[in-house]
Amino acid sequence: MLGQLMFDVLKLTPAHTMSTLVVLGAITDGLGLYEPLIEFAGAGATVPITSFGNALVHGALAELKRDGWIGVVTGIFEVTSAGISAGIIFSFLASLFFKPKG
Amino acid sequence: MLKGYQSWQFENRPVITSTATVVGPEEGRGPLGNTFDIVHEDMRLGQDSWEKAERTMMEEAAKLAVEKAGLTQEKINFFVGGDLMNQIVSSSFSARTLSVPYFGLFGACSTSMESLALAAFIVNSGGADAVLAGTCSHNCTAEKQYRYPTEYGSQKPPTAQYTVTGAGACVVRPQGEGPVIEAATIGRVIDMGMTDPFNMGAAMAPAAVDTIEAHFRDLQRGPEDYDMIVTGDLAAVGKRIADDLFEKHNIDMHKTHFDDCGLMIYDRDKQPVNAGASGCACSAVVTYGHLMNQLRKGELRRILVVATGALLSPLTVQQGESIPCIAHAVSIESTT
Amino acid sequence: MANEKKKKLTPVQQQYHDFAMKRSPKPPVIKNCFRAFIVGGTICVIGQAIQEAFVHWFYFDEKKAGDPTVAVLIFISVVLTSLGVYDKIAQWAGAGTAVPVTGFANSLCSAALEHRSEGIVLGVGGNMFKLAGSVIVFGTVAAFIIAIIHALLGTGGTG
């Protein structure tokens, strides 16, 4: 996958790689190309982190259509709220009950 | 005393009367597993944080070394120690528990020999009757502070090194039974502009070579004067670079046995350590365990331990700074 | 960026840099890519399976099934992280486990676990987004800019 090449060849840290991929996903969607990719690959396109960027743009654009300019700001997290909320809640609970294993 | 430009020759020959080593499970499974005094099966040692576990190991090693020397804590004049944590908390908090007058040092992974050299210096000049030198590191505290959370799934490149979980301590006195500290060379900070924190061996190798050359120059010696020369934690990559650097500088290291603690402590084929070991405890537990045993038995006559340290912090790495490195060498002689 | 850094080095440092690089093992790029592809693909397949399951058994439509799928994957990832397994898989799989949404959950959860000893508020609360924060920040900023561009062009929303 693309991410591995970025790790090894460009020597980027995981955080840099992820951020770049998210921006890539957002740009792809901005050009209207991500939707066809999802049609084609299903979860192959929705599970990777690029779809997070895609979802952010999607939310923004959907609200923009409905509510006008203010929608750009209110809509960004609309679609991704499931992923972020689930991540926060589960991680918080885990930290209460588990200790790092090393 | 001062010999040449940056070396000390200890004419009163301070004695390492006792040593103690405490390690974690991965080190216990390694090839030197049976040379350590205490092997913990639990990385956490029953404590509720990694930091406390590291501190506990330091305290155990210190107490054991004092006990083995046939002393009590009140008889120790000074404790010289350091570790990898921010504000060297592990050593300072151990010193609190021991309630012994204390020097806190930071030399990253070179702290083991830095503390031993200073302990020898204090004893040699009549400044103390018994000095405790020790250092510790813990794989998880180091990962947490210098890299990512321990459970974070990031892939490590083959040049990465595995921080040793352990603590090593020794007691240095003017007289007694045991190997003597005969000379020491304090290294300069060398920065060759390496920036990859996952390739510390390559960053540290020039520092080790520089210190060893300085040692030979100051004391007018060569590799043939030592049965063994060990570096602290260069691991596979750094060791190879050091080999080639010596060859380039026309120093024939084949006249001695040149090895690296970072390669001795683990079995790299079977253990998930990539290039080898690193950490303060790496050179400390190998020297105070395995090497000291051989010196006591007289299997080795004279060795040079060169502990290498990378003086970086996560902040300087993120700001794109290169990694300055240092190495300190201590020559230890067998008396049997 | 690499070139910029090299320029700052003195000739001696430059020489040593090349000297050291020749002696450092390179990451096995092809093997790593292959593994990443396999593992990343497997995670996506699992995701697809979960999505299908939601569509078939819980009568979600194709679009709505995406959210619970992501939540389930995150849950699995958090459990594996808590059990100390995720980082072992990741050493083998590299970007294969980091790029999918499970990697996002892993970065949240590992930071939360690790800093639990500093307390719940500052430790867990303050550090949870230590690694994942940049993803959200850049994603949000990028989405914002793109949405603005769309709004200016008047193409407002493709989906």
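The numbers here are math on the coordinates, done by the rules we state, and not lab data. Everything numeric here is computed off the predicted structure, so don't read it as measured data. In this analysis, Cβ positions are derived from the backbone assuming ideal geometry, glycine residues included, and neighbour counts consider all displayed protein chains.
Remarks
- Among B:SER7, B:SER125, B:SER94, B:SER112, the order by Cβ neighbours within 10 angstrom, fewest to most, reads B:SER125, B:SER7, B:SER94, B:SER112.
- Inter-label distance, C:VAL121 to C:GLU52: 4.9 nm, where each label sits 7 Å from its Cα along the C-beta direction.
- Residue mean of other protein chain beta carbons inside 10 Å, B:156-163: 3
- Label point of B:ARG188 set 7 angstrom out along Cα-Cβ; within region B:1-32, amide nitrogens under 16 Å from it belong to B:4-7.
- Secondary structure note: in the protein assembly as shown, about 65% of the DSSP beta bridges are antiparallel.
- Whole-Å distance, taken between Cα centres, linking region C:44-118 and region B:136-196: 35
- Partner shielding of C:29-42 amounts to 4, given as the average count of beta-carbon atoms from other chains within 10 Å of each residue beta-carbon.
- With Cα atoms as the point set, the radius of gyration and Dmax of region B:1-105 evaluate to 15.9, 49 Å.
- Linear extension gain, B:LYS248 paired with B:LYS297, 0.36 nm per residue minus alpha-carbon span: 14.1 nm
- Its Cα centre serving as origin, region A:2-97 has a Cβ charge dipole (Lys and Arg +1, Asp and Glu -1) of approximately 180 debye.
- Kyte-Doolittle at least 0.0, axis length at least 15 Å by Cα - qualifying DSSP helices, chain C: C:29-57, C:66-82, C:101-114, C:133-153
- Which listed pairs, of B:LYS52/B:LYS239; A:LYS99/B:LYS52; B:LYS270/C:LYS88; B:LYS52/C:LYS26; B:LYS3/B:LYS297; B:LYS63/B:LYS239, have C-alpha distances above 26 Å, in listed order: B:LYS52/B:LYS239; B:LYS52/C:LYS26; B:LYS3/B:LYS297; B:LYS63/B:LYS239
- Likely footprinting exposure, C:TRP57, B:TRP50, fewest C-beta neighbours within 10 Å first: C:TRP57, B:TRP50
- Contour excess over end-to-end distance, with Cα ends at C:LEU152 and C:ILE38 and 0.36 nm allotted per residue: 36.9 nm
- Simple label model, 7 Å out from Cα along Cβ direction - A:PHE97 to B:GLU177, nm: 5.6
- Exposure proxy ranking, count of Cβ atoms within 10 Å, fewest first, for C:HIS150, B:HIS254: B:HIS254, C:HIS150
- Adding -39500 (n - 2.57) for every DSSP H run of four residues or longer, then dividing by how many residues the protein assembly as shown holds, sets the calculated 222 nm ellipticity at -15500 deg cm²/dmol.
- Compactness relative to 2.2 N^0.38 Å, alpha carbon Rg of the protein assembly as shown: 1.09
- Positive-end residue of A:LEU56, A:HIS16, A:ILE70, charge dipole of region A:2-97 with Cβ unit charges: A:HIS16
- Counted residue by residue at 0.36 nm each, then reduced by the alpha carbon distance between them, the extension gain from A:THR74 to A:HIS16 reaches 18.2 nm.
- Where the Cα pairs of region B:180-333 fall when distances are cut into 5 Å bins, in %: 2, 10, 19, 23, 21, 14, 7, 3, 1, 0
- Within 10 Å of the Cβ of each residue in C:71-80, the mean number of Cβ atoms contributed by other protein chains is 5.
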